[in-house]
1. Is it the case that some residue within region 254-261 is of a type in the set (Gly, Ala, Ser), surrounded by 12 or more Cβ atoms within 10 Å (Cβ to Cβ) and modelled with pLDDT of 85 or more?
2. Would you mind finding the one in Trp129, Trp85 that is aromatic (Phe, Trp, Tyr), free of Cβ contacts under 8 Å to residues at least 12 places away in the same chain and closer than 25 Å to Ala219 by Cβ?
3. Select from region 152-181 the residues that are under 30 Å from His29 (Cβ atoms) and touching a helix residue (DSSP H, G or I) at 6+ places or on another chain (Cβ under 6 Å) and list them in ascending order.
4. When you go through Thr182, Thr153, Thr111 one by one, which is the residue that is within 17 Å of Leu51 (Cα to Cα) and β-branched (Val, Ile, Thr)?
5. Restricting to region 166-216, name every residue that is within 30 Å of the chain's Cα centre (by Cα), surrounded by 15 or more Cβ atoms within 10 Å (Cβ to Cβ) and basic (Lys, Arg).
6. So which of Gly236, Gly231 ends up being part of a loop (DSSP other than H, G, I, E, B) and modelled with pLDDT under 85?
7. Could you please let me know if Phe161 is assigned to a helix (DSSP H, G or I), surrounded by fewer than 13 Cβ atoms within 10 Å (Cβ to Cβ) and not β-branched (Val, Ile, Thr)?
8. For region 44-88, enumerate the residues that are of a type outside the set (Gly, Ala, Ser), farther than 20 Å from Ala109 by Cα and within 21 Å of the chain's Cα centre (by Cα).
Amino acid sequence: MSSETLTSSEYIRHHLQNLTCNLQQGHFHCAHTAEEAKSMGFWALNVDTLLSSFVLGLLFLFFFSRVAKRPMPGAPRGMQNFVEWVVEFIDSSVNSSFSAKNNLVAPLALTVFMWIFLMNFMDLVPIDWIPLLAAKLGVGHFKAVSTTDPNATFGMAISVFFIVLYYSIKVKGLGGFAAELTLQPFGKFGVPANLFLEIVNLIAKPISLALRLFGNMYAGEMIFILIAIMGGTWAGFTLGNATLFGSQILLSLGWGIFHILIVTLQAFIFMTLTIVYLDMAHQKHH
């Protein structure tokens, strides 16, 4: 979809709208506008989010499992070198932040980091390429960056939250977990205040995980869209104003290079907080 055939506001809405579909009278129907998508209700699916995240998850599993099954002898190189570097990095992060013993934590941290990194990395694909490809296939909207959809970030955060709850009860017992919620930090004489503060603290964990990732990636996507609009506007200027168009290219390149840091950092923060929350779940308070 070209910014030359749309107004700026239409261009922004087009790139920020998900491919939202649901079943209506036995037929799969997709929304054409944001208002139509909203009217579909809770059971509507953001098909682009599901498809992108699923494909990227399979991509991660394929390459990492292939390297694990067919390691090359001698000094690692290529894909094996990258995979070994990532695994060592994750292992180091787990060892420094997780004090208990649980064989699930390292694989979970690796999956969280790589999956979120790949979903974030889609933000570096030129903003119009995937929507143009989708349009050629007859699809009106397609957001390739799954982490700009709060449904995806909240889905991952809530999954981590339930894992944390599971291990909190498994390690401490139901009574120990209940005591942790009711007796900290003010002791047995402050049970109502303790319970309120601990529940707020517990619920804040998945909310902060989801909103931090969504907010940063959504803002980054919005900046790329605004830069694309500037380029579309300046492209119509005369050659005498070619420096403006060159400035737009440099601006896009500069933000893209800086965004590589954001893409990686957001995946790292989500992974690190997951490890820290699981470490807290394994700690017994006396």
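The values are calculated or read from the model by the stated rules, or taken from the named source; none is laboratory data. Note that the structure is predicted; figures quoted are calculated from it, not measured. All Cβ positions, even for glycine, are placed from backbone atoms using ideal geometry, and neighbour counts span all protein chains on display.
1. Among the residues of region 254-261, not one is of a type in the set (Gly, Ala, Ser), surrounded by 12 or more Cβ atoms within 10 Å (Cβ to Cβ) and modelled with pLDDT of 85 or more, which makes the answer no.
2. That would be Trp129, the only listed residue that is aromatic (Phe, Trp, Tyr), free of Cβ contacts under 8 Å to residues at least 12 places away in the same chain and closer than 25 Å to Ala219 by Cβ.
3. Answer for region 152-181, where residues must be under 30 Å from His29 (Cβ atoms) and touching a helix residue (DSSP H, G or I) at 6+ places or on another chain (Cβ under 6 Å): Ala152, Thr153, Phe154, Ala157, Ile158.
4. Going through Thr182, Thr153, Thr111 in turn, the sole match is Thr153.
5. Result: Lys205, Arg212.
6. Gly236
7. No.
8. Passing the criteria: Leu45, Asn46, Val47, Asp48, Thr49, Leu50, Leu51.
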